[in-house]
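Student: Got a structure for you, questions after.
The values are calculated or read from the model by the stated rules, or taken from the named source; none is laboratory data. Treat the numbers as computed from the prediction; the structure is a model and nothing was measured. Cβ sites come from the backbone with ideal geometry, for glycine too, and all protein chains shown count toward neighbours.
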Amino acid sequence: MSDRESHHPARSGSAQDLTLTGPAEDYLKVIYEIGQGGDAAATNDIASELGIAAASVSGMLQRLARLGLVKVERYRGARLTATGRHIALQLLRRHRIIETYLVEKLGFGWDDVDEEAERLEHAASPELVERMDAALGRPKADPHGAPIPTAAGRVDERRLSTIADLPERAVARVVRMSDRDPAFLRYLAERGILPGATVRVESREPFDGPITLMVARTRHTVGTKVAARVYVETGPEKPVISRRRRARR
């Protein structure tokens, strides 16, 4: 039996006696991430995020619904119940702590840890994750800027804009970015677009054309699809503790 198919109890409050497979846990994480804007997670979106056929999603959603972890809304998709949300946040906590540990303590590249953390998180015990967290100094975010939920299930859920949303001459601070594509992360790192970096929109071409950014006194041009995957906040700059990002070549 593979790691992703392994069964173990979900370590979460009243759901502590539930036994979930690795794939079931992945569904809960994806539904949480898609639904952060308040909408139900559509079947096609879940399938896209997991890289599977949409036809195979319905069966798992029904199983999770029977376990009391999601509510399936006809023609809309799925939403997490309070129990499902709590489990999803604990899974994200494990994943993001493991990612941070791999980068900060074991020298992995920030572009190289998502799949490794995905394999490890389904087997890591709560005690191991808590010791990793303590060894790291209780970080608030992972190497890609994603907030790390607390053990009690609290997490920063601010609605963030993306670089693609910014008008010309806008200045913003990079908060986080999509972490699923190593090549995408290397592309950003080569241009200095990292959590904590300040970017200024110099110009925008019409009709979803390229966007020219000023990053650390250097101009870079990025496509709209790239800009839409980098989340930022505007307003007064905040002190940033920089971390070294290692990208494997």
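Student: Considering only region 127-183, state which residues are polar (S, T, N, Q) and either farther than 30 Å from GLY209 by Cβ or touching a helix residue (DSSP H, G or I) at 6+ places or on another chain (Cβ under 9 Å) (or both).
Tutor: If the condition is that a residue be polar (S, T, N, Q) and either farther than 30 Å from GLY209 by Cβ or touching a helix residue (DSSP H, G or I) at 6+ places or on another chain (Cβ under 9 Å) (or both), then THR150, THR162, SER178 are the ones that fit.
Student: Look through region 37-55, keep the residues that are assigned to a helix (DSSP H, G or I) and either loosely packed, with under 13 Cβ neighbours inside 10 Å or on the phi > 0 side of the Ramachandran plot (or both), and return whichever of them is farthest from the chain's Cα centre (by Cα).
Tutor: ALA55
Student: Still on this model: Quick check, is ARG85 part of a helix (DSSP H, G or I), basic (Lys, Arg) and touching a Ser or Thr at 6+ places or on another chain (Cβ under 8 Å)?
Tutor: no
Student: With LEU213, LEU194, LEU188 as the choices, which residue is assigned to a loop (DSSP other than H, G, I, E, B), of a type in the set (A, V, I, L, M, F, W, C) and at pLDDT 95 or above? Spell out the reasoning first.
Tutor: Details: LEU213 fails: assigned to a loop (DSSP other than H, G, I, E, B); LEU188 fails: assigned to a loop (DSSP other than H, G, I, E, B).
Sole residue among the options that is assigned to a loop (DSSP other than H, G, I, E, B), of a type in the set (A, V, I, L, M, F, W, C) and at pLDDT 95 or above: LEU194.
Student: When the residues of region 66-110 are narrowed to those that are among the aromatic types (Phe, Trp, Tyr) and surrounded by 22 or more Cβ atoms within 10 Å (Cβ to Cβ), which ends up modelled with the lowest pLDDT?
Tutor: Among residues in region 66-110 that are among the aromatic types (Phe, Trp, Tyr) and surrounded by 22 or more Cβ atoms within 10 Å (Cβ to Cβ), the one modelled with the lowest pLDDT is TRP110.
Student: Give ARG176, ARG169 a once-over and let me know the one that is part of a loop (DSSP other than H, G, I, E, B) and not assigned by TED's automatic domain parsing to the domain that holds GLY51. Before the answer, list the steps.
Tutor: Values: ARG176 fails: part of a loop (DSSP other than H, G, I, E, B).
Among ARG176, ARG169, only ARG169 is part of a loop (DSSP other than H, G, I, E, B) and not assigned by TED's automatic domain parsing to the domain that holds GLY51.
Student: PHE184 fails exactly one of the following numbered conditions: (1) in contact (Cβ under 8 Å) with a residue 40 or more places away in the chain; (2) outside the structural domain of ILE211 (by TED's automatic domain parsing); (3) surrounded by fewer than 20 Cβ atoms within 10 Å (Cβ to Cβ). What is the number of that condition?
Tutor: (2)
Student: Next up: Considering region 89-116 alone, what residues qualify as being within 15 Å of PRO23 (Cα to Cα) and either touching a Phe, Trp or Tyr at 6+ places or on another chain (Cβ under 9 Å) or not in a helix (DSSP H, G or I) (or both)?
Tutor: LEU91, LEU92, listed by residue number.
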